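Below you'll find the structure, written out as structure tokens, and then a few comments.
The values are calculated or read from the model by the stated rules, or taken from the named source; none is laboratory data. This is a predicted model, so every value here is computed, not measured. Neighbour counts are summed over all protein chains in view; Cβ atoms, including those assigned to glycine, are modelled from backbone coordinates with ideal geometry. Note: accessible area is taken over every heavy atom of the protein model, side chains too, but ligands, DNA and RNA are not part of it. Shrake-Rupley method; radii C 1.70, N 1.55, O 1.52, S 1.80 Å.
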Amino acid sequence: MAKVTIDGFETEVPDGTTILNAARQIGGDIVPPAMCYYSTLKGSGGKCRTCLVKVTKGSEKDPRPMPKLVASCQTAVMDGMEVANITSDEVVKARAGVVEFLLLNHPLDCPICDQAGECHLQDLAFEHGAANTRYEFERRTFEKIDIGPYIKLHMTRCILCYRCVYVANQLTDNRVHGILGRGDHAEISTFIEKSIDNDFSGNVIDVCPVGALTDRTFRFKSRVWFLNPMDAHRDCPTCSGKAVVWMYGHEIYRVTARKDKYGEVQDFICNTCRFEKKSPEDWTIEGAREIDRHSVIAQGHYDETAKPSAKEENKLIRMIDMILLYDFALFAQKAGLIVVVFTITLGVAAYSTYGERKIAAFLQDRLGPSNAGPWGLLQPIADGVKMFTKEDFIPDKSERWIYILAPGAFIFVALMTSAVIPWGTRLTLFGLDLDLQVTDINIGILYIMGFVSLGVYGIMLGGWASNNKYSLYGAIRASSQMISYELAMGLSLIAVIMLSGSLSLREIVDQQTGFRWNILFQPLGFIIFFVCALAECNRAPFDMAECETELIGGYHTEYSSMKLGFFLFAEYINMFISCTVISCLYFGGYRFPGLDPSWLGGLMGPIVLFSKIFFFIFVFMWIRWTLPRFRYDQLMHLGWKSLIPLAILNMLLTGAGVYYGE
């Protein structure tokens with residue numbers, strides 16, 4: 001037996017079971033659609049690709065994910081395998097592409113098609129299809145032909161799923177039905193329009209997922225949603241006699257085989273039962289057929305829509321419980337990760353003050369903090385206690401609520417940028433497999449840039465609400481500086497996006513395997529981004545907003561107690577996040593040549609990433625205590641007349657390299 005997890009639901013199935021059948025054992029929305037696979041037809045499956053899924057973990061023995069999406073109807077499960085279906089954006093996007101491909105030549109004749117209301121392709125089109133087509137050409141068309149007296153072949157609707165071919169192969173000794181032609185000329189047909197000479201040939205109608213094969217005795221007589229499907233049986237010497245009769249009043253309009261919830265025939269019925277027994281006296285009516293309440297058949301005049309059985313209700317309740325449990329577990333995992341990330345971020349910010357004072361002391365031949373605890377390690381805690389216990393005052397002429405709001409807004413924006421950073425691959429802790437990223441959105445870089453740009457509001461509001469000209473000057477300087485350097489920063493990022501082809505930080509990191517770090521391909525882009533990061537963090541030599549000799553304390557001159565602490569904390573948090581982003585964009589993030597990030601239960605990735613972060617934090621501090629402060633005009637000149645032109649040049653060179661490299 002093999003254990004497999006599909007969209008968070010675990011089940012145990014016999015070895016050799018396909019992913020699709022394992023999903024069907026679980027049931028519900030996680031079951032991939034299948035247009036060509038039929039469990040009772042040998043050789044079916046692997047044609048339409050609608051059942052593609054993403055294998056995120058191969059097995060317990062080999063946990064590597066499969067590099068491409070796989071057909072779930074053909075791929076056998078392995079013990080410990082993890083599969084994503086509806087939870088994967090990649091799968092949903094690929095399925096939409098498959099549906100678009102299937103609809104290329106399919107005629108939009110649902111209003112006159114006998115399969116309307118029961119068509120699997122129609123269901124897929126509603127779920128994944130686009131409102132408009134991107135293709136303008138003459139569609140492939142074929143003449144309608146009769147395959148014997150009972151079956152009409154409308155080849156224009158065919159999607160080449162091969163189901164009818166496999167049915168014919170199982171029913172007859174010689175091959176009488178198959179694929180003629182190749183490429184866009186391929187078509188299903190009997191040779192020279194001969195009929196399939198078999199008492200069970202009508203079953204090709206039931207296995208067809210679209211309206212390519214239809215019942216000539218039922219064509220254009222009624223729509224399925226006007227009929228009442230009833231389970232019925234009769235004594236038949238040829239087949240089981242169990243069928244579904246579709247009634248309008250007391251008339252039987254058509255007879256079909258009974259199907260399960262996945263649209264597969266349970267028992268083939270003979271042509272006599274299907275085409276010739278259309279009188280109610282020929283059948284024993286058992287009762288209303290159980291129809292999905294969401295089906296179009298149940299929405300019309302079918303008053304006896306069957307309610308779910310007690311067994312199905314219990315299964316539904318269990319599934320809802322599993323979904324709720326999965327959602328709660330996912331929420332608890334993400335909430336715990338958020339708390340851990342915020343705690344680490346605040347801790348790093350607190351001890352960055354200690355580290356900076358020690359580095360400054362070393363460069364200036366001093367001791368630095370040494371009295372609060374051994375080696376002064378308790379100094380950040382002492383500073384925090386001091387901030388909380390100092391007198392808090394609000395200037396009389398200030399805009400009170402904006403004055404109070406500004407520090408909180410500034411630190412909130414600084415903390416939120418950490419949500420999309422991949423701190424590692426996955427962490428195995430107490431038997432649980434935890435993802436080391438709060439959320440992997442596909443626009444991670446835009447998310448970071450968006451929140452970084454919002455940081456200017458906290459500074460501007462704090463300086464303006466203080467009603468102090470020095471605070472206002474500092475806020476104006478900081479705002480103009482941050483806006484100016486964000487332009488060059490954004491332009492330098494475009495070059496990285498060109499190389500990686502993605503806005504997701506995790507994808508950018510995962511592409512930097514071995515020695516393929518982006519710093520080797522983007523040295524100029526890295527220098528521009530690094531300089532802009534110094535300016536965004538208001539770090540020396542770009543600390544004009546807090547120039548003590550001109551502006552006293554800058555935009556937070558009028559702040560005291562923990563409100564001042566929030567401003568100071570936020571600056572160190574910004575420095576920490578900036579170093580993290582630099583590590584991810586240009587230095588491989590949690591990857592290092594020769595080291596697997598999954599080692600030590602997944603801890604190796606965070607260890608590597610934090611090593612890089614602490615190195616860049618040291619460089620930030622080293623620069624502060626080495627270089628003198630720019631004049632304001634020099635600062636603006638560097639941003640607008642040097643960095644932006646260089647960033648544009650770097651972007652153009654990268655674009656040319658990518659274009660000619662392809």
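When residue 629 is tested against the conditions (1) under 18 Å from residue 533 (Cα atoms); (2) in a helix (DSSP H, G or I); (3) open to solvent by 30 Å² or more (accessible area, probe 1.4 Å), the lone failure is (2).
For residues in the stretch 565-616 being free of Cβ contacts under 8 Å to residues at least 60 places away in the same chain and in a loop (DSSP other than H, G, I, E, B), which is nearest to residue 387 (Cα to Cα)? Per the criteria, the residue is 596.
Contact map, the stretch 108-122: residues that are within 15 Å of residue 215 (Cα to Cα) paired with residues that are modelled with pLDDT under 75 and surrounded by 19 or more Cβ atoms within 10 Å (Cβ to Cβ), Cβ distance under 8 Å, separation 6+ or inter-chain. Pairs shown: 118/297. Quick one: would you say residue 604 is over 25 Å from residue 409 (Cβ atoms), at pLDDT 90 or above and of a type in the set (A, V, I, L, M)? So residue 604 fits the description; yes.
Taken across the stretch 587-609, residues that are open to solvent by less than 50 Å² (accessible area, probe 1.4 Å), among the aromatic types (Phe, Trp, Tyr) and either over 29 Å from the mean Cα position of the chain (by Cα) or more than 26 Å from residue 474 (Cβ to Cβ) (or both) do occur, with at least one present. In this structure, is residue 123 assigned to a loop (DSSP other than H, G, I, E, B) and modelled with pLDDT under 80? No, not satisfied.
Is there any pair with a first residue in the stretch 450-463 that is under 19 Å from residue 417 (Cα atoms) and a second that is open to solvent by less than 10 Å² (accessible area, probe 1.4 Å) and among the aromatic types (Phe, Trp, Tyr) whose Cβ atoms are under 7 Å apart and which are 6 or more apart or on different chains, and what are they? That search, which allows pairs on different chains as well, returns 455/410; 458/410; 459/410; 459/555. Give the stretch 32-72 a look and list any residue that's without any contact (Cβ under 8 Å) to a residue 40 or more places away in the chain, more than 15 Å from residue 163 (Cα to Cα), open to solvent by less than 50 Å² (accessible area, probe 1.4 Å) and in a loop (DSSP other than H, G, I, E, B), or say none. The answer is 51, 58, 59, 69. For residue 382, the stated conditions do not hold, so it cannot be described as of a type in the set (Gly, Ala, Ser), surrounded by 16 or more Cβ atoms within 10 Å (Cβ to Cβ) and within 45 Å of the chain's Cα centre (by Cα). Filtering 480, 502, 471 for residues that are polar (S, T, N, Q), open to solvent by less than 30 Å² (accessible area, probe 1.4 Å) and part of a helix (DSSP H, G or I) leaves a single hit, 471. Residues in the stretch 347-358: is at least one closer than 22 Å to residue 437 by Cα, under 36 Å from the mean Cα position of the chain (by Cα) and hydroxyl-bearing (Ser, Thr, Tyr)? Scanning the stretch 347-358, I find no residue that is closer than 22 Å to residue 437 by Cα, under 36 Å from the mean Cα position of the chain (by Cα) and hydroxyl-bearing (Ser, Thr, Tyr), so the answer is no.
When residue 274 is tested against (1) over 26 Å from residue 105 (Cβ atoms); (2) open to solvent by 50 Å² or more (accessible area, probe 1.4 Å), just one condition goes unmet, and that condition is (2).
Within this structure, residue 393 passes the test of being part of a loop (DSSP other than H, G, I, E, B) and either closer than 21 Å to residue 565 by Cα or touching a strand residue (DSSP E or B) at 6+ places or on another chain (Cβ under 9 Å) (or both). Filtered by the rule that a residue be within 22 Å of residue 347 (Cα to Cα), surrounded by 14 or more Cβ atoms within 10 Å (Cβ to Cβ) and not aliphatic (A, V, I, L, M), the stretch 409-443 gives 410, 412, 417, 418, 422, 423, 424, 435, 437. Restricting attention to the stretch 360-374, the residues that are open to solvent by 30 Å² or more (accessible area, probe 1.4 Å) and part of a helix (DSSP H, G or I) total 3. Condition check: assigned to a helix (DSSP H, G or I), of a type in the set (Phe, Trp, Tyr), modelled with pLDDT of 80 or more and under 30 Å from residue 146 (Cβ atoms). Does residue 268 satisfy that? No: the conditions fail for residue 268. For residue 398, the criteria (1) part of a loop (DSSP other than H, G, I, E, B); (2) within 29 Å of the chain's Cα centre (by Cα); (3) within 27 Å of residue 462 (Cβ to Cβ) hold in every case but one, which is (2). Among residues of the stretch 516-535 that are over 21 Å from residue 572 (Cα atoms) and assigned to a helix (DSSP H, G or I), those with a beta-carbon under 7 Å from a residue that is aromatic (Phe, Trp, Tyr) and open to solvent by 30 Å² or more (accessible area, probe 1.4 Å) at least six positions away or on a different chain give the pairs 519/526; 519/587.
Return yes or no: is residue 569 modelled with pLDDT under 90 and under 41 Å from the mean Cα position of the chain (by Cα)? Judged against the criteria, residue 569 is a match. Close Cβ contacts (under 8 Å, 6 or more residues apart or on different chains) running from residues in the stretch 388-406 that are without any contact (Cβ under 8 Å) to a residue 24 or more places away in the chain and open to solvent by less than 100 Å² (accessible area, probe 1.4 Å) to residues that are assigned to a helix (DSSP H, G or I) and of a type in the set (A, V, I, L, M) comprise 394/404.
Note down all Cβ pairs under 8 Å where the first residue falls in the stretch 621-634 and is farther than 14 Å from residue 361 by Cβ, the second is at pLDDT 90 or above and open to solvent by less than 70 Å² (accessible area, probe 1.4 Å), and they're at least six residues apart or on different chains. Matching pairs, first to second residue: 623/534; 630/638.
Does residue 256 satisfy being modelled with pLDDT of 65 or more, within 30 Å of residue 20 (Cβ to Cβ) and of a type in the set (Ser, Thr, Tyr)? When the stated conditions are applied, residue 256 passes them. The set of residues from the stretch 329-359 being basic (Lys, Arg) and open to solvent by 50 Å² or more (accessible area, probe 1.4 Å) comprises 357, 358. Considering (1) without any contact (Cβ under 8 Å) to a residue 60 or more places away in the chain; (2) open to solvent by 40 Å² or more (accessible area, probe 1.4 Å); (3) not in a loop (DSSP other than H, G, I, E, B), the lone condition that residue 96 does not fulfil carries the number (2).
For the stretch 70-95, give me each residue that is among the aliphatic types (A, V, I, L, M) and under 14 Å from the mean Cα position of the chain (by Cα). 83, 84, 86, 91, 92, 94 - these are the residues of the stretch 70-95 that are among the aliphatic types (A, V, I, L, M) and under 14 Å from the mean Cα position of the chain (by Cα).
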